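Trainee: Just dropping this structure here.
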Amino acid sequence: MSSEGTAEGELIYLGAGPIHIYEELKDEIEDKIVMVNSGNPRGMKRFLHRSEKYQRSVLAGAAGWIFMNHYPAYGPPTGGISPIIPGVGVSYEDGMYLVRMLDRKGRVKLRLETKCTNLVVNTWNVVGDINGTSGSDEWIIYGAHYEGHDIAVGALDDATGAAIVMELGRVLVKEKKHLRHNMRFICFGAEEIGLFGSRAYCDDHPDFMKNIRFMMNFDAAGRAGRQGFCLHGWPGLEPLFGEVIKEIGTDLPMWQTVGPYSDHWPFVLKGIPTATMGDPDETAKRAGRGFGHTKYDTVDKVDLRAMRECAGNAAVLALKITNMNKWPVKHRSQDEIDKLVETQGLDETVRLGIKVKEYLEKRRSSLRPETLAYLDRISGSWDEVL
């Protein structure tokens, strides 16, 4: 989602792009082409998304932006960004060549040209239901996005997740006479460029939100490692998930954290209990997306054992949740949602969205057409400046 255009300027390399560096080096960044790598800054507890690095570069006055993969031999990364200044992804090898040139010469001048078009297209959410036997109006949601970036098939991100959602539905519908509460299986569209499918679903069904007991998101699910449960700030659910792990009978992780860059987030903002699956130790070892968002995200990378275990563990959980008469937690209030955002450090992201909107408003007369269209549709909230 880069804007189309040309940028010329000297290169400045900011490493992993820690949040303090953009203000500290603002005079040096202005009118330059900023390059950052895809790694997370050392010592930073929350995940620093590429969009935040991009937006902070824009606010510091960058003329262009380069996103360098921090993995050797994985090729250039892609990802959605706001169409404000020209931006490209480069491989680790090409990025390090530029870094060596910068070290050797002291100054490197670049001409960055992007030829791309941002189109308005239709996309769909694909929905399937299993109606429970109790007559209750409560629902459990299982979701994953089915689209991926157009440089690869998106096997790990997120064909695996979509396949697991469909497998859950296939397995559970065979036992529908034993399932008390309603279940809805959703494959979301347009996640990669801003969670459009899940946001639209939540916005278009405001009255339905209060009936959702729980939402499980399978983004990039079924990767290597243990297939445990990440609860999004819900300590009241730990006893339930502990029982499920005991029933499964293997050593599975259960931990608490939440991030805003996947389809569970619009549900989080409605106060709905949400979770994802995976292995925090494996994630820490991988230290990033791995093959995700590269042309090498192909089906040969898929771990079928991990996918089967993920689907199996999720099915045990689903059976437990759907047949519980009393759900142990309530939806969060707006004050509790705001507190969650703050404790996760995501209030910085909200403020950043407001700053980006204000920055663009001051420059409205000089904006490119796609940037102007982008400005007119955003409110400044974090989820509209991804």
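Read the figures in this text as sums done on the coordinates, not as results from a lab. This is a predicted model, so every value here is computed, not measured. Cβ sites come from the backbone with ideal geometry, for glycine too, and all protein chains shown count toward neighbours.
Trainee: Cα axis of helix 50-59 to longest principal axis of the chain: angle in degrees, 0 to 90, nearest 10?
Mentor: 40
Trainee: Sticking with this one: Evaluate the relative contact order of the stretch 126-334 (contact order divided by residue number), counting alpha-carbon pairs under 8 angstrom at least 6 apart; express in whole percent.
Mentor: 30
Trainee: Lys/Arg Cβ at +1, Asp/Glu Cβ at -1, dipole of the stretch 281-327 taken about the Cα centre: which of Asn325, Ala287, Thr298 is farthest positive-ward?
Mentor: Highest projection toward the positive end goes to Asn325.
Trainee: What ranking, highest mean first, results for peptides 75-84, 147-156, 90-99 when packing means the other Cβ atoms within 10 Å averaged over each residue?
Mentor: With the highest mean Cβ count within 10 Å placed first, the list reads 75-84, 147-156, 90-99.
Trainee: Please enumerate, by chain and number, the lysines with C-alpha under 23 Å from the C-alpha of Lys53, excluding those fewer than 8 residues away in the same chain.
Mentor: Lys26, Lys32, Lys45, Lys109, Lys115, Lys285, Lys295, Lys355, Lys357, Lys362
Trainee: Scan around Ala16 for amide H atoms under 5 Å from its own, H built in the peptide plane at 1.01 Å from N, and keep only partners 5 or more places away or cross-chain.
Mentor: Asn37
Trainee: Reachable lysines from Lys174, Cα under 23 Å, same-chain residues fewer than 8 places away excluded?
Mentor: Lys174 reaches Lys320.
Trainee: Gaussian network model of the chain, Cα springs within a sub-10 Å range: biggest mean-square fluctuation belongs to which of Phe47, Phe188, Phe208?
Mentor: Looking only at Phe47, Phe188, Phe208, the largest GNM fluctuation is found for Phe208.
Trainee: Is the shape of the stretch 290-333 rounded, prolate or oblate, going by the alpha carbon gyration tensor and its root eigenvalues a ≥ b ≥ c, with a/c under 1.5 for rounded and a/b larger than b/c for prolate?
Mentor: Note, shape of the stretch 290-333 comes out oblate.
Trainee: What 222 nm value per residue comes from the helices of the chain, counting each DSSP H run with n ≥ 4 as -39,500 (n - 2.57) and dividing by all residues, nearest 500 deg cm²/dmol?
Mentor: -10000 deg cm²/dmol
Trainee: Classify the stretch 219-296: rounded, prolate or oblate, from the alpha-carbon gyration tensor (a ≥ b ≥ c, eigenvalue square roots; a/c under 1.5 rounded; otherwise prolate if a/b is larger than b/c)? Could the numbers behind the result be given before it?
Mentor: Details: a/c = 2.40, a/b = 1.20, b/c = 2.01.
The shape class here is oblate.
Trainee: Another question, if that's okay. Taking only C-alpha pairs under 8 Å that are 6+ residues apart, what is the relative contact order of the chain in percent?
Mentor: Contact order relative to length: 18 percent.
Trainee: Follow-up. Mind jotting down the distance between the C-alpha centroids of the stretch 155-173 and the stretch 219-244, whole Å?
Mentor: Computed from Cα coordinates, the inter-centre distance equals 17 Å.
Trainee: Taking springs between alpha-carbon atoms closer than 10 angstrom, which of Glu138, Glu23, Glu52 fluctuates most in the Gaussian network model of the chain?
Mentor: Answer for the Gaussian network model of the chain: Glu23.
Trainee: I would also like to ask the following. Amide H of Gly132 versus every other amide H placed in the peptide plane: which residues, excluding those fewer than 5 positions away on the same chain, fall under 5 Å?
Mentor: Answer set, sorted by chain and number: Asn182, Met183.
Trainee: Per residue of the stretch 174-181, what does 6.51 cos²θ - 1.76 cosθ + 1.60 with θ = phi - 60° give for ³J(HN,Hα)? Whole Hz please, x for Gly and Pro, Karplus curve as stated.
Mentor: Here the 3J(HN,Hα) series is 5, 10, 4, 5, 9, 10, 7, 9 Hz.
Trainee: Right, another one. Can you list residues whose amide H is under 5 Å from Val90's amide H, if they're 5+ apart or on another chain and H is modeled 1.01 Å from N?
Mentor: Phe67, Met68, Asn69
Trainee: Now a separate question. Which whole-Hz ³J(HN,Hα) couplings does the stretch 66-77 yield from phi under the Karplus relation 6.51 cos²θ - 1.76 cosθ + 1.60, θ = phi - 60°, glycine and proline marked x?
Mentor: Coupling constants for the stretch 66-77: 10, 10, 9, 5, 8, 9, x, 6, 9, x, x, x Hz.
Trainee: Starting from the Cα of Lys176, draw a straight line to each of the aspartates and glutamates and keep only those under 18 Å, dropping any in the same chain fewer than 8 residues away.
Mentor: Hits, sequence-local ones excluded: Asp129, Asp137, Glu138, Glu167.
Trainee: About the Cα centre of the chain, how large is the charge dipole given +1 on each Lys and Arg Cβ and -1 on each Asp and Glu Cβ? Please answer in debye to the nearest 20.
Mentor: 340
Trainee: Could you run the Karplus curve 6.51 cos²θ - 1.76 cosθ + 1.60 with θ = phi - 60° over the stretch 299-312 and give me ³J(HN,Hα) per residue in whole Hz, x for Gly and Pro?
Mentor: 5, 5, 7, 6, 9, 5, 4, 5, 4, 4, 5, 4, 5, x
Trainee: Further question: Please give the helix 160-173 orientation as an angle from the longest Cα principal axis of the chain, in degrees from 0 to 90, rounded to the nearest 10.
Mentor: Rounded to the nearest ten degrees, it is 10.
Trainee: A follow-up question, please. Pairs of alpha-carbon atoms within less than 8 angstrom and 6+ residues apart define the contacts here; what relative contact order does the stretch 221-298 have, in percent?
Mentor: 41
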